[in-house]
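Structure record follows, encoded as structure tokens.
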Amino acid sequence: MGQLQIADAPINLIDLIENKKATGGDALPEAGNGRKVYIETYGCQMNVADSELMGGILLSHGYTIARTVEEADVILVNTCAVREKAEDRVFGRVATLNGYKNRKPGVVIGVTGCMAEHLRDKITDQAPYVDMVIGPDAYRRLPQMLADKDQQEAKDKKDEHDPIIDVRLDRRETYEGITPVREEGVTGWITIQRGCDKFCTFCIVPYTRGRERGVAPREILRQARALAEAGYKEVTLLGQTVNSYKYEGVDFADLLTAVAQIDGIERIRFTSPYPVDFTPKLIETMAREDKICKYIHFPVQSASNEVLKVMRRGYTIEEFRQLVVDMRAAMPDLAISTDIIVGFPGESDEDFQATMDLMREIRFDFAYMFKYSEREGTFAHKRIPDDVPEAVKGARLKEMIAMQEGICAEIMKPHIGKLVHVLIQGNSRKSDDDWVGRTDTFKTAIFPKVEGTEPGQIVPVRVLKATSHTLVGEIEWNCSKP
Ligand code: SAH
Ligand code: F3S
């Protein structure tokens, strides 16, 4: 799962959950009257977690989850605004969804999440068939908004209403007390922090998700225990700068220690930490607690101090490098992935080469690499001209991806012949005869099923082959248990 990262394909909530009752919200307990909601998610894990939250709120108000968009009475598109490409895809998608609405009058289309916050006017102008625009802090009011929509429809059949818009940000909203609906599965996530206070000059997130706030530890532990009781083995703690987490004297390292005490949870991950807030205490905690996976997504963005300064990332490349040295000293097998932006304003060839050099030096296990995409409303959009030509951005990205692919392959190859411990997640995408799972260091592993194995088990796998992103092997029981 790496960073809070845009998924390749939208995710339908039904792929994630069963239709089951959840708690949450207070008014209008049966307002849904069995109507079916289809929730499609774009963007990062936090959006997936938010869709689970919306599912929880709606199920507790008498709605059910639709398996397909065709059977839906309410369609919610949970969106991402981090890069322009993500937004363009959503506009295309809602236009297609309007076709369903034309065929089935009464269907309600809602746009939720970061784009709702960022582009409410553009959505209402360009996609007038969108009925509701709902920001990330307004999900508790979803049932009320749907009820208001019903009333509007009942009063006036013309279907030419202004959309219902609620994009108020609320610096106190942490959705405490709401239980998200989740798939029955092996790995689950818990949002422990909402918003972001860092204001990197390129980034829209602080504007779309509002101020940073931690979720109360009691709520996080309640959810973690619920996951363990439901049979989950792995939990991922989510936040935009997850390690800046603070709640009444509890810091992120304390929280990790507390989650590690929960019986049944065997692996703990988190994403994404912010380099400046990576403390020696956190490194010690990670090294000490066996349950905390030895994998960190550690976004560097650039290795040029000049660029980092204009990005307002708050660290120098020397500081970043030292953190990596400290982490590797404490955890020799640590896997590290990163995010890079190429073509940030003012990025010279030397700046770009500095980033390439850093990647060769650190040898990230994986990197999410992006072309700079100017986002309206950010500091960079207002003050820093997007001056690297598109062709240069494209060429740099291509060169970087090719180099990183080579590094990935080099890192994977030495796994051949070794034994890795894999948490079985389910059937592999290509064959029902194979399991797929992850190693502690987040490497994907595929291997034939053997009798007596099932999702949720951690099994020893002897690696026989390796591509740049996948280990292929077989279960080997006659070795020491993990
Ligand atoms: N704190 C979050 C960042 C969310 S955005 C996290 O680390 O998960 C995820 C990544 O998208 C960022 O790390 C950055 O590399 C990239 N990104 C953000 N804004 C961008 C922009 N305007 N153009 C290109 N990439 C961007
Ligand atoms: Fe964005 Fe920087 Fe926060 S990348 S999410 S403003 S840490």
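The values are calculated or read from the model by the stated rules, or taken from the named source; none is laboratory data. As the structure is a computational prediction, the values presented were derived from the model and not from experiment. Please note: Cβ atoms are built from the backbone with ideal geometry, for glycine as well, and neighbour counts cover all protein chains shown.
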Can you report the number of residues in the stretch 191-213 which are near ligand 2 (Cβ under 7 Å from one of its atoms), surrounded by 21 or more Cβ atoms within 10 Å (Cβ to Cβ) and of a type in the set (K, R)? 0
For the condition surrounded by 20 or more Cβ atoms within 10 Å (Cβ to Cβ), under 21 Å from N33 (Cα atoms) and away from ligand 2 (no atom under 16 Å from the Cβ), what is the one hit in V181, V186? V181
Considering only residues that are among the small types (G, A, S) and not in a helix (DSSP H, G or I), which ones fall in the stretch 373-410? S373, G377
Among the residues of the stretch 439-469, which ones are farther than 26 Å from G231 by Cα and either hydroxyl-bearing (S, T, Y) or modelled with pLDDT under 95 (or both)? T467, S468
Subset tally (residues that are basic (K, R) and assigned to a loop (DSSP other than H, G, I, E, B)) for the stretch 310-339: 2
Within the stretch 338-358, can you find the residues that are more than 14 Å from ligand 1 (Cβ to nearest atom) and touching a strand residue (DSSP E or B) at 6+ places or on another chain (Cβ under 7 Å)? F352
With the condition being without any contact (Cβ under 8 Å) to a residue 60 or more places away in the chain and surrounded by 17 or more Cβ atoms within 10 Å (Cβ to Cβ), I'd like the helices (runs of 4 or more DSSP H) fully within the stretch 82-152 carrying at least 3 qualifying residues. 84-103
From (1) more than 19 Å from the chain's Cα centre (by Cα); (2) within 16 Å of ligand 1 (Cβ to nearest atom), pick out the condition that doesn't hold for D251. (2)
Would the stretch 150-157 turn up any residue that is in contact with a Phe, Trp or Tyr (Cβ under 9 Å, 6 or more places away or on another chain) and either under 21 Å from R120 (Cα atoms) or at pLDDT below 95 (or both)? no
M54 vs (1) within 16 Å of ligand 1 (Cβ to nearest atom); (2) within 17 Å of the chain's Cα centre (by Cα): all pass except (1)
Any residue that is surrounded by 19 or more Cβ atoms within 10 Å (Cβ to Cβ) and in a helix (DSSP H, G or I) - is there at least one of those in the stretch 291-309? yes
Considering the stretch 138-172 alone, what residues qualify as being in contact with a helix residue (DSSP H, G or I) (Cβ under 8 Å, 6 or more places away or on another chain) and charged (D, E, K, R)? R140, D159, D162, D166
If D254 satisfies every condition in (1) of a type in the set (D, E, K, R); (2) within 16 Å of ligand 2 (Cβ to nearest atom); (3) under 22 Å from H297 (Cβ atoms) but one, which is the exception? (2)
Which one of G195, G214, G188, G177 is touching a strand residue (DSSP E or B) at 6+ places or on another chain (Cβ under 9 Å) and on the phi > 0 side of the Ramachandran plot? G195
Failed item in (1) within 16 Å of ligand 2 (Cβ to nearest atom); (2) under 25 Å from A402 (Cβ atoms); (3) assigned to a loop (DSSP other than H, G, I, E, B), with E347 passing the rest: (1)
Would you check which residues across the stretch 411-429 are in a loop (DSSP other than H, G, I, E, B) and either hydrophobic (A, V, I, L, M, F, W, C) or without any contact (Cβ under 8 Å) to a residue 12 or more places away in the chain (or both) and list them? I416, R429
Those residues of the stretch 354-394 which are β-branched (V, I, T) and within 26 Å of the chain's Cα centre (by Cα), in sequence order: T355, I362, T378
